[in-house]
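Student: Pasting a structure here, questions to come.
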């Protein structure tokens with residue numbers, strides 16, 4: 001596991017990366033977390049999405065033969081696993097949440113293996129159906145990137161919600177950057193990137209490695225878009241590619257994945273809008289901005305207010321040159337924006353350092369991210385983004 005240094009870099013790393021024992025405690029369910037039930041007897045479920053469509057899901061294994069993997073050069077190629085969510089009609093079998101190997105490695109890495117069983121996490125009930133018949137028409141595409149060390153499955157709630165509202169969602173796992181990702185042939189790759197960052201000789205070297213990881217993820221996202229559309233001059237690899245409107249593409253992510261959403265916008269004009277959910281900008285927004293394209297920053301009030309420890313948000317806020325919002329959520333934690341608090345709450349597990357309920361965590365995340373893409377990829381004005389809402393008193397509109 002990656003060490004935590006006792007200086008200014010710690011503030012940044014504890015905001016964004018669940019890596020050391022201390023950091024893992026502060027960013028998921030800490031040692032002080034309590035359980036009001038026997039969690040081993042509970043089968044948690046992803047909340048039912050609110051959109052008018054059913055949700056279908058396909059799995060893609062993508063290989064970029066033009067790039068060596070930055071963490072495992074001997075691999076020669078860069079591999080990605082991608083879950084494709086899409087608006088669908090009734091049909092198909094239930095989509096699994098993750099593999100048992102992925103669940104075991106995630107629980108061990110997050111120090112949650114005493115509270116959950118791997119089979120229990122792998123068996124989380126989802127709403128997506130494998131092989132479901134898609135609805136007709138062209139739909140916006142949103143590419144999602146998870147936090148460093150985390151499986152793509154941890155963004156399932158958001159992916160299913162967007163798909164139920166008519167979006168195609170590409171949810172990406174980046175090889176060697178999660179505690180465990182299962183690839184075809186039964187290979188489960190572990191977090192080589194964690195070991196590499198752990199060995200960094202200084203804070204600056206560590207932050208540089210994380211910035212490099214962001215740049216690599218931006219390249220991954222562009223490659224995924226290449227593979228899903230005709231924009232690269234070759235036939236798309238996804239059999240349902242005609243569902244995608246290549247003129248309406250967005251990117252969003254949690255933690256390091258949120259930084260990657262900004263970075264891909266800086267290098268790929270096809271990405272028209274982006275969202276960073278609680279991620280430090282290890283790779284800065286260019287001083288020249290993002291070509292006047294819209295960007296949403298959604299984070300914890302404790303760590304991502306204008307006067308908080310992570311100064312990269314204030315710096316990059318000034319560089320954003322298009323429509324922009326900086327929202328913070330009271331009583332939230334770093335994982336507020338993903339599935340873990342939702343599933344933990346259902347198992348009776350609470351985190352006193354982030355008292356916002358799992359139910360509200362999911363509702364706030366899906367409401368604001370969904371409204372952002374509705375406004376900027378569909379052209380539908382969303383009053384929710386205009387200012388504070390009585391229905392969401394936890395959310396503050398920052399105006400530094």
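Student: Quick one: is residue 336 surrounded by 24 or more Cβ atoms within 10 Å (Cβ to Cβ) and in a loop (DSSP other than H, G, I, E, B)?
Tutor: So residue 336 does not fit the description; no.
Student: Take segment 370-388 and flag every residue that is in a helix (DSSP H, G or I) and either more than 24 Å from the chain's Cα centre (by Cα) or modelled with pLDDT under 95 (or both).
Tutor: Hit for segment 370-388 is 383, nothing else.
Student: Shifting gears a bit: Scan segment 118-125 and tell me whether some residue there is surrounded by fewer than 18 Cβ atoms within 10 Å (Cβ to Cβ) and not in a strand (DSSP E or B).
Tutor: Yes, some residue in segment 118-125 is surrounded by fewer than 18 Cβ atoms within 10 Å (Cβ to Cβ) and not in a strand (DSSP E or B).
Student: Here's something else I'd like to know. Residues in segment 240-258: is at least one touching a residue at least 40 places away in the same chain (Cβ under 8 Å), under 19 Å from the mean Cα position of the chain (by Cα) and surrounded by fewer than 24 Cβ atoms within 10 Å (Cβ to Cβ)?
Tutor: no
Student: Check off (1) over 23 Å from residue 194 (Cα atoms); (2) assigned to a helix (DSSP H, G or I); (3) more than 19 Å from the chain's Cα centre (by Cα); (4) touching a residue at least 60 places away in the same chain (Cβ under 8 Å) for residue 162 and give me the number that stays unchecked.
Tutor: All conditions are met except number (3).
Student: Does residue 391 satisfy being over 19 Å from the mean Cα position of the chain (by Cα), at pLDDT 95 or above, closer than 24 Å to residue 155 by Cα and part of a loop (DSSP other than H, G, I, E, B)?
Tutor: Numbers: over 19 Å from the mean Cα position of the chain (by Cα): yes; at pLDDT 95 or above: yes; closer than 24 Å to residue 155 by Cα: yes; part of a loop (DSSP other than H, G, I, E, B): yes.
Against the criterion (over 19 Å from the mean Cα position of the chain (by Cα), at pLDDT 95 or above, closer than 24 Å to residue 155 by Cα and part of a loop (DSSP other than H, G, I, E, B)), residue 391 qualifies.
Student: Now a separate question. Could you identify the single residue in 148, 179 that is closer than 22 Å to residue 299 by Cα and in contact (Cβ under 8 Å) with a residue 60 or more places away in the chain?
Tutor: 148
Student: Test each condition in (1) touching a residue at least 40 places away in the same chain (Cβ under 8 Å); (2) touching a strand residue (DSSP E or B) at 6+ places or on another chain (Cβ under 6 Å); (3) closer than 30 Å to residue 137 by Cβ for residue 267 and report the one that comes out false.
Tutor: Residue 267 satisfies every listed condition except (2).
Student: For segment 54-61, state whether one or more residues are closer than 26 Å to residue 343 by Cα, modelled with pLDDT of 95 or more and exposed (fewer than 15 other Cβ atoms within 10 Å of the Cβ).
Tutor: Within segment 54-61, one or more residues are closer than 26 Å to residue 343 by Cα, modelled with pLDDT of 95 or more and exposed (fewer than 15 other Cβ atoms within 10 Å of the Cβ).
Student: Within the set of pairs 6+ apart or on separate chains, which have a first residue in segment 195-206 that is within 20 Å of residue 180 (Cα to Cα), a second that is part of a loop (DSSP other than H, G, I, E, B) and modelled with pLDDT of 95 or more, and C-beta atoms under 7 Å apart?
Tutor: Once the first residue is within 20 Å of residue 180 (Cα to Cα) and sits in segment 195-206, its partners that are part of a loop (DSSP other than H, G, I, E, B) and modelled with pLDDT of 95 or more give 196/71.
Conditions (1) crowded, with 17+ Cβ neighbours inside 10 Å; (2) touching a residue at least 24 places away in the same chain (Cβ under 8 Å); (3) part of a strand (DSSP E or B); (4) touching a strand residue (DSSP E or B) at 6+ places or on another chain (Cβ under 6 Å), marked per residue:
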site	(1), (2), (3), (4)
321	no, yes, no, no
325	yes, yes, yes, yes
332	yes, yes, no, yes
345	yes, no, no, no
355	no, yes, no, no
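Student: Any chance segment 273-290 includes a residue that's under 20 Å from residue 68 (Cβ atoms), at pLDDT 95 or above and either surrounded by fewer than 24 Cβ atoms within 10 Å (Cβ to Cβ) or in contact with a helix residue (DSSP H, G or I) (Cβ under 9 Å, 6 or more places away or on another chain) (or both)?
Tutor: Checked against the condition, which is being under 20 Å from residue 68 (Cβ atoms), at pLDDT 95 or above and either surrounded by fewer than 24 Cβ atoms within 10 Å (Cβ to Cβ) or in contact with a helix residue (DSSP H, G or I) (Cβ under 9 Å, 6 or more places away or on another chain) (or both), segment 273-290 yields at least one hit.
The values are calculated or read from the model by the stated rules, or taken from the named source; none is laboratory data. Note that the coordinates shown come from a computational prediction; the quantities given were computed from them, not determined experimentally. With ideal geometry, Cβ positions are generated from the backbone for all residues, glycine too; neighbour counts draw on all protein chains shown.
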